[in-house]
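One structure below.
Only the coordinates and a few stated rules stand behind these numbers; no lab work does. From a predicted model like this one, the values you see are computed outputs, not experimental measurements. Reconstructed Cβ throughout: ideal geometry from the backbone, glycine too, with neighbour counts over all protein chains shown.
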Amino acid sequence: MIIDILSWICLVAGGALGIVGGIGIHRFPDFYSRLHAAGITDTFCATLILLGLGLQAGWSIAAFKLALIFMFLFFTSPTASHALANAALHSGLQPRLDGDEREGSS
Amino acid sequence: MFVAALLAILLTMGLALARALTGPTTYDRIAAVNMFGTKTVLLIAVLAFFSGRSDLLDIALVYALINFIGVIAALKLVTQGNFHSSDGDESEAKQGESK
Amino acid sequence: MKSFNFGVLLFLCWIFLSGHLEPLLLGLGVASVALTVFLSRRMNVIDHESYPLHLSSRFPGFFLYLFREIVKANIDVAKRILRWRGASVSPQMIQIPQSQETNLGAVIYANSITLTPGTVTISLSKDSLTVHALSKEAAGKLATGAMSKEISNRVFDQ
């Protein structure tokens, strides 16, 4: 019962963080800061949802598979973010830095 | 309760899709598609528990890998314009010439 | 020897992922593991770095530390997104020294920075990292080099 409640909390918190990240990619002003908003959904949101599912699964093959999915996401998402940022910078997309900040236009 | 998580993930996917459609630069679009893919993995995982079919977890696992490779491949195609040159410098030099 | 260990590891993965113990499926597993090991040897990817056995026993501790950092940074970025009057960001581009000696350490450092929301490693060279940070606080925290010290202390045995 307690495990059920815990996993529900994890699932709902994960879903809420996902929506926050989704709002973030619309509110942040330029590409590089949007990458941070996407980072939220890639790390903590995914962790919470997979943790919530793992609590439902208990010790089984399903839990092992969830752990494996978590590991893949954990290793590949920073690589993808880095590749995106690096490619964008090399192609000459300049980040909008602090000096010319405008309030949350998107 | 799984339904709530499913709806939240679907809403996030919708927002990511909107960014992918409106995004001013190509990189915005690729970042949004990457996020969309990550959410798809989570969606399939939640769906596996929602419908009680644990086979779907295998699909989520494979999708996580394919999503990553797909994003990297799309990025390479966008930055280099082709797949045949193996290193970036060469194609940059070519682009420099054509300009 | 390394190929053999690699094969055993892959086969364990196969058993845990399939969950079936019939001879036919185990046979198919052995065949695909053999093919994978053969291809990996041809591609020359079985080397020292793919075996993180030289990592310290305190490595789980580093994971806990990283996880705490990720949670803190997540809450910070979420607050910035949900701030009522416009998202309050002050993007920074900073260069920080890269103090890890080994390639593996540098990669772990750069990946940890990228994993923490609010900071993304943009480029990585032998002795410096270019980082895009979402706020002054995140940039300032990174510039102290605390994370690099954690990696040196917890990931590798001195």
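Footprinting exposure proxy ranking of A:C10, C:C13, fewest other C-beta atoms within 10 angstrom first, gives C:C13, A:C10. When restricted to Cα atoms, the protein assembly as shown yields an Rg and a Dmax of 21.1, 67 Å, respectively.
What is the dipole size for the protein assembly as shown, taken about its Cα centre, with +1 at each Lys and Arg Cβ and -1 at each Asp and Glu Cβ, in debye to the nearest 20? It would help to have the intermediate numbers written out before the result.
On the way: 27 positive and 25 negative charges, 117 e Å.
Charge dipole of the protein assembly as shown: 560 debye, to the nearest 20.
Report, in whole Å, the centroid distance computed from the Cα atoms of region C:108-158 and region A:18-68. One Cα centre to the other: 21 Å.
Candidates C:V131, C:L26, C:I75 compared by Cα position along the dipole of chain C: farthest toward the positive end lies C:I75, with charges placed on Cβ. Database remark: amide H of C:S123 closer than 5 angstrom to the amide H of C:T130 (H placed geometrically; neighbours at sequence offset of 5 or more, or on other chains; Pro and chain starts carry no H).
Rounded to the nearest 500, what is the 222 nm mean residue ellipticity of chain C from helices alone, with -39500 (n - 2.57) per DSSP H run of 4+ residues and division by all residues?
Values: 6 runs with 92 residues, N = 158.
Calculated at 222 nm, the ellipticity per residue is -19000 deg cm²/dmol.
Our coupling estimate for region C:117-126, obtained by passing each phi through the Karplus curve with A = 6.51, B = -1.76, C = 1.60 and θ = phi - 60°, is x, x, 9, 10, 6, 9, 9, 9, 10, 4 Hz, Gly and Pro reported as x.
Run lengths n ≥ 4 of DSSP H only: what is the helix-derived mean residue ellipticity at 222 nm for chain A, with -39500 (n - 2.57) per run over all residues, to the nearest 500? Mind dumping the intermediate values first?
On the way: 4 runs with 78 residues, N = 106.
Only helices count here, giving -25000 deg cm²/dmol.
The share of alpha-carbon pairs in region C:56-154 lying farther apart than 15 Å comes to 61%. Relative contact order of chain A, taken over Cα pairs closer than 8 Å and 6 or more residues apart, is 35 percent.
Give me the compactness ratio for region C:2-50, meaning the Cα radius of gyration over 2.2 N^0.38 Å. Please list the in-between numbers first.
On the way: Rg = 11.5 Å, N = 49, 2.2 N^0.38 = 9.7 Å.
After normalising by residue count via 2.2 N^0.38 Å, the value is 1.19.
Each label was represented as a point 7 Å from its Cα along the Cα-to-Cβ direction; for C:S18 and C:M43 these points are 2.1 nm apart. Spin-label pair B:A4-C:K149: with each label point 7 Å from Cα along the Cα-Cβ axis, the two points sit 4.2 nm from one another.
Taking every alpha-carbon pair under 8 Å whose residues sit at least 6 apart, chain C reaches a relative contact order of 23 percent.
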